[in-house]
Amino acid sequence: MVNDPPGIPASLPDGRTSAPGPPLRIVYFGTPAFAVPSLERLLASRHRVVGVVSQPDRPRGRGQHLHPTPTKEVALAHNVPVLQPARIKDEAFLQAIRDLNPDLGVVAAFGRILPDALLAIPRLGMINVHASLLPRYRGAAPVHRAVLAGDAETGVTIMRVVTELDAGPMLATRTVPIPHDATSGEIEASVALAGADLLLTTVDDLSAGCAVETPQDDRLATHAAKITKEEGIIDWRDSARSVHDKVRGLQPWPLASTTLGGVRYVIRRSATTDQITGAKPGEIVAAQADDLVVAAGGGSAIRILELQPEGRRPMTAREFLAGHRLTPGDRFGT
């Protein structure tokens, strides 16, 4: 069921009495794994994906060989033409889109701001699958910012693409819960699936001429800035809950990290505790068996479940403590 905020009518359910509109010719703009479920849902629908636009292939791995983007792999498997322009303002690219004669453009994590000349090509305009409940978290990293903030829920919004970033009117929304220990990667996967379902309903509504657009309240807008590597450094003066949210919020990149004895450690999994301590932030409170507990700000403490010394494999707290002699009073962040 679609969960719509006040002012946004729920999409019509299956079995609606209004006649369905004609199948639409869709050009799809998307690059990473987040964009795959929506693309696959469109490919399996009565609508026709006439082209997929992706960012150029990037080198990956130790050999730095070029690998196709996730959406490109899906498109090629379905014999859909793929365009990967270096510059999306080039007239040759714009003409290639015109030649596809699209009715609608769909955008999902494409990674570039689309120029007005491109937005004007599809006769029904362009819509975007955005990974938040707008107007909250406009910008590049909505899921990560929601997890970092400790939010209990996030969601997905289907919105019309306009020149201003993520500011277009909304066509539909759906809420996605954020479990206490879920990582950004896990939530992003859930949001991508919810967005795929909601997208298809919205495309059908646009085809039938019954879609309703609701303006965003710009006064409530917040910005989800791009994640930087520097954000991964743990400040043990923060509360245990904030440190825990950083550990799960900065996955799969850049990962939360700290130092001990000059060695960098990535903290991969953690858990909050009810333990109260008078130890200094970063100080190890317990270090035996499975119990690796570290003091954080305000007298709180956090349990480290999995960590990774730089240049080595991830290991559980038990595995780590079996090979590293730590005692209460040793301090992370040094």
So, of the residues in segment 114-142 that are among the β-branched types (Val, Ile, Thr) and in a strand (DSSP E or B), which turns out to be nearest to the chain's Cα centre (by Cα)? Val129
Is one or more of the residues making up segment 213-228 under 30 Å from Pro122 (Cα atoms), part of a loop (DSSP other than H, G, I, E, B) and in contact with a Leu (Cβ under 7 Å, 6 or more places away or on another chain)? yes
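Looking at Arg145, Arg174, Arg160, which one is in contact (Cβ under 8 Å) with a residue 24 or more places away in the chain, open to solvent by 10 Å² or more (accessible area, probe 1.4 Å) and within 14 Å of the chain's Cα centre (by Cα)?
Details: Arg174 fails: within 14 Å of the chain's Cα centre (by Cα); Arg160 fails: within 14 Å of the chain's Cα centre (by Cα).
Arg145 is the lone residue from the list that is in contact (Cβ under 8 Å) with a residue 24 or more places away in the chain, open to solvent by 10 Å² or more (accessible area, probe 1.4 Å) and within 14 Å of the chain's Cα centre (by Cα).
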Going through Pro59, Pro102 one at a time, which residue ends up being of a type outside the set (D, E, K, R) and modelled with pLDDT of 95 or more? Pro102
Tabulated pairs, segment 179-207, first assigned to a helix (DSSP H, G or I), second modelled with pLDDT of 95 or more and among the hydroxyl-bearing types (Ser, Thr, Tyr), C-beta under 7 angstrom, 6+ apart or interchain: Ile187/Thr154; Val191/Thr154; Gly195/Ser38; Ala196/Ser38; Leu199/Ser38; Leu200/Ser45
Give Leu220, Leu198 a once-over and let me know the one that is crowded, with 18+ Cβ neighbours inside 10 Å, more than 14 Å from the chain's Cα centre (by Cα) and of a type outside the set (Asp, Glu). Leu198
Among what's in segment 280-328 and is assigned to a strand (DSSP E or B), modelled with pLDDT of 95 or more and polar (S, T, N, Q), pick the residue that is nearest to Arg237 (Cα to Cα). Gln308
Within segment 292-334, take every residue that is of a type in the set (A, V, I, L, M) and surrounded by fewer than 17 Cβ atoms within 10 Å (Cβ to Cβ) and give me the one that is farthest from Thr258 (Cα to Cα). Ala322
Looking at this structure, is Thr258 touching a residue at least 12 places away in the same chain (Cβ under 8 Å), of a type in the set (S, T, N, Q) and open to solvent by 20 Å² or more (accessible area, probe 1.4 Å)? no
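The values are calculated or read from the model by the stated rules, or taken from the named source; none is laboratory data. Being a predicted model, the structure only gives us computed values, none of them experimental. Ideal geometry is used to build each Cβ from the backbone, glycine not excepted, and the neighbour counts take in all protein chains shown. The accessibility values were calculated without ligands, DNA or RNA, using every heavy atom of the protein model including side chains. Shrake-Rupley method; radii C 1.70, N 1.55, O 1.52, S 1.80 Å.
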